[in-house]
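Down below is the structure, laid out as structure tokens.
Throughout, read-outs are computed from the coordinates displayed, never taken from laboratory work. These numbers were taken from a predicted model, which means no experiment stands behind them. Here the Cβ is made from the backbone with ideal geometry for all residues, glycine too, and neighbour counts use every protein chain on show.
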Amino acid sequence: MSVPMEISVQTLTNGDATSHHTTTVPVPAAPSPLPPPVAEDKFLVSVEVCLKPSSTARTEDVKLAVERMLEKMNLSYVDGPIDLPLDDAFLVDNVQRICICDTEEWVANHDILLFWQVKPLVHVYQLSEEGPCEDLDGDSQLSSFSEWILPAKEFDGMWESLIYESGLKQRLLRYAASALLFTEKGVDPFLVSWNRIVLLHGPPGTGKTSLCKALAQKLSIRFSSRYPHCQLVEVNAHSLFSKWFSESGKLVAKLFQKIQEMVEEENNLVFVLIDEVESLAAARKAAISGSEPSDSIRVSTFSKSK
Ligand SMILES: Nc1ncnc2c1ncn2[C@@H]1O[C@H](COP(=O)(O)OP(=O)(O)OP(=O)(O)O)[C@@H](O)[C@H]1O
Ligand SMILES: [Mg+2]
């Protein structure tokens, strides 16, 4: 890959779309030797526990069983799967795999992370096998968005398969997790400048779409105890352009109405992936020079997003 992909974290300071600045985190930057967060003098390490599709065990029971198992095992912590104890019938019956995550940076800088230095954070989840639910536009049979229940079987392993400079994915995950936490705690964006938008840009094929899906999947796992229902809405920006004048605006309105309904449910965590966003954000000069419907879409998008 000759040209790197970049990740921009946009910060709207006063809710006005024109007054934003962009912090860019280029992919090939020097690795940051940030240690994992510390609690009670211990490092917090995420342990992801994937349940078998057939399992009906309560996540709380599995979490307790895994915590007990980790206490007994006296592990050194390294990213990757760990073996299930064959003498624990409950775990063997219900758990597909257990993975240690996010120790990469620490291990790269300090060689080893021993069990007594770690406080494991156990996240239990079950993959949805439902597949995407598509919204078909009556006329063109083009879907304007697809909806996934997360964590989805289709995105399993996607995060691990994406290779970037060391620590980049962890930094992105930490940023997104902090943004969710700030929302949860009601942090005032006028005092601490933050929002929940991540903009990925870069040459074709550098993993932008995949990283967005993988990030949503990761967050749905990490926040599963707070948000038991997670969805990803993948907007097909091209399909919002109807051949019929003024129809495009209606399609956008319908899309936002759908998203609005989803987010009204308190325990729902909804990720909206707008792929190829540049097709919506065309230059105003180009849009007013013709009678294309793109300008009406842009107006609808901004007015609905406030
Ligand atoms: N850094 C990477 N590590 C591993 N696989 C990658 C990486 N970047 C891209 N890929 C793989 O390349 C394929 C294309 O990725 P993807 O469609 O996410 O790229 P994109 O940036 O969205 O492309 P486009 O700009 O054309 O939409 C996927 O199968 C993805 O897994
Ligand atoms: Mg893409």
Mind giving me the nanometre distance, one decimal, between the label points for LEU84 and GLU134, set 7 Å out from Cα along Cα→Cβ?
3.5
May I ask which of LYS119/LYS185; LYS169/LYS213; LYS52/LYS213; LYS63/LYS119; LYS119/LYS213; LYS52/LYS153 have a Cα-Cα span longer than 20 Å here?
LYS119/LYS185; LYS52/LYS213; LYS119/LYS213
Could you state the number of Å between the C-alpha centres of the stretch 72-121 and the stretch 213-231?
21
For ASP111 and ARG226, what does the FRET efficiency come to when R0 = 41 Å and r is the distance between their Cβ atoms, rounded to the nearest 0.05?
0.75
According to the square roots a ≥ b ≥ c of the eigenvalues of the Cα gyration tensor, what is the shape class of the stretch 82-220, taking rounded for a/c under 1.5, prolate for a/b larger than b/c otherwise, and oblate for the remainder?
oblate
Ranked ASP102, ASP275, criterion: other C-beta atoms within 10 Å, fewest first
ASP275, ASP102
